[in-house]
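Below is one structure, written out as structure tokens; the observations come after it.
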Amino acid sequence: MKKRKKSVLGKVWYFIWEDNSLASWLVNIVLAFVLVKFVIYPGLGLMLGTSYPVVAVVSGSMEHDKQSFDNWWQQNLNWYSEQGIEKEQFQDFHFHNGFNEGDIMVLFGFKPENIKTGHVIVYEQHPDYPPVIHRVVSEEQENAETVFITKGDHNKIPDKEKVSQEKILGKAVIRIPYLGWVKIMFTNLVKTLINI
């Protein structure tokens with residue numbers, strides 16, 4: 001009895017899903033990257049209303065150094081009290097215990113007029129730098145437009161530049177601990193390979 005020849009599509013399917021060769025693994029990694037970058041990520045962005053639906057936290061500017069909220073507040077209460085933010089109000093803020101480098105944050109697109117003190121936003125500071133994820137600590141009117149003053153919970157002073165509405169990329173709503181380390185390590189590896 002003659003064996004039926006596999007079609008080209010059948011061979012490709014076998015190579016991708018069943019073959020355990022190094023070449024197959026490399027092709028799977030490339031396909032996964034392409035799928036995430038060009039299908040899943042933009043699809044999520046469309047659903048969540050932002051071009052940045054998921055970001056990895058790449059700095060410790062929102063960390064509370066693994067302290068209890070009460071200890072962290074005790075060290076920072078003077079600055080926040082001067083801004084008119086009291087302990088009970090801060091405890092009602094989303095992510096009132098901060099978050100850590102290496103966390104993944106899921107963002108929703110929000111109308112700038114719905115952004116309030118206490119919200120954690122992601123904004124573009126400069127096209128050549130990664131977006132910043134900090135907490136809104138106050139709002140001001142400038143040329144008939146609301147601008148936001150932001151600050152990392154870990155930082156002693158607010159960010160130098162006020163955030164205009166058009167720079168806001170989204171509001172952080174969900175935290176996934178530690179998953180961002182995958183992106184951070186991959187990015188660092190690529191940078192290292194480029195600099196060799």
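The values are calculated or read from the model by the stated rules, or taken from the named source; none is laboratory data. As the structure is a computational prediction, the values presented were derived from the model and not from experiment. Ideal geometry is used to build each Cβ from the backbone, glycine not excepted, and the neighbour counts take in all protein chains shown.
Only a single criterion out of (1) of a type in the set (Ser, Thr, Tyr); (2) in contact with a Phe, Trp or Tyr (Cβ under 9 Å, 6 or more places away or on another chain); (3) part of a helix (DSSP H, G or I) is not satisfied by residue 81, namely (2). I'd like to verify a number: residues in region 116-148 that are within 22 Å of residue 76 (Cβ to Cβ) and surrounded by fewer than 19 Cβ atoms within 10 Å (Cβ to Cβ), how many? Total satisfying the criteria: 6. In the set 59, 138, only one residue is at pLDDT below 95 and among the polar types (S, T, N, Q); that residue is 59. Consider region 154-196 and keep the residues that are loosely packed, with under 14 Cβ neighbours inside 10 Å and among the aromatic types (Phe, Trp, Tyr). The one that is farthest from residue 62 (Cα to Cα) is 186.
Taken over region 146-155, the criterion of being over 20 Å from the mean Cα position of the chain (by Cα) and modelled with pLDDT of 95 or more is satisfied by 147 alone. Of the listed requirements (1) touching a Pro at 6+ places or on another chain (Cβ under 6 Å); (2) under 23 Å from residue 66 (Cβ atoms), residue 169 misses just one: (2). Would you check if residue 65 is touching a residue at least 24 places away in the same chain (Cβ under 8 Å), over 20 Å from residue 169 (Cα atoms) and in contact with a Phe, Trp or Tyr (Cβ under 8 Å, 6 or more places away or on another chain)? Here the answer is yes, as residue 65 does meet what is asked.
Residue count for region 35-48, restricted to those that are farther than 16 Å from residue 183 by Cβ and either touching a Gly at 6+ places or on another chain (Cβ under 6 Å) or of a type in the set (A, V, I, L, M, F, W, C) (or both): 5. The residues of region 70-103 that are hydroxyl-bearing (Ser, Thr, Tyr) and surrounded by 15 or more Cβ atoms within 10 Å (Cβ to Cβ) amount to a single one, 80.
Apart from one condition, residue 18 fits all of (1) acidic (Asp, Glu); (2) modelled with pLDDT of 90 or more; (3) exposed (fewer than 10 other Cβ atoms within 10 Å of the Cβ); the exception is (2). Filtering 110, 95 for residues that are out of contact with any Leu (no Cβ under 7 Å at 6 or more places or on another chain), among the aromatic types (Phe, Trp, Tyr) and closer than 15 Å to residue 62 by Cα leaves a single hit, 95.
Quick one: which of 35, 77 is under 26 Å from residue 174 (Cα atoms) and in contact with a Lys or Arg (Cβ under 9 Å, 6 or more places away or on another chain)?
Unique residue meeting the criteria: 77.
Matching residues to (1) in contact (Cβ under 8 Å) with a residue 12 or more places away in the chain; (2) farther than 19 Å from residue 176 by Cβ; (3) of a type in the set (Lys, Arg); (4) assigned to a helix (DSSP H, G or I):
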position	(1), (2), (3), (4)
16	yes, yes, no, yes
19	no, yes, no, no
27	yes, yes, no, yes
31	yes, yes, no, yes
50	yes, no, no, no
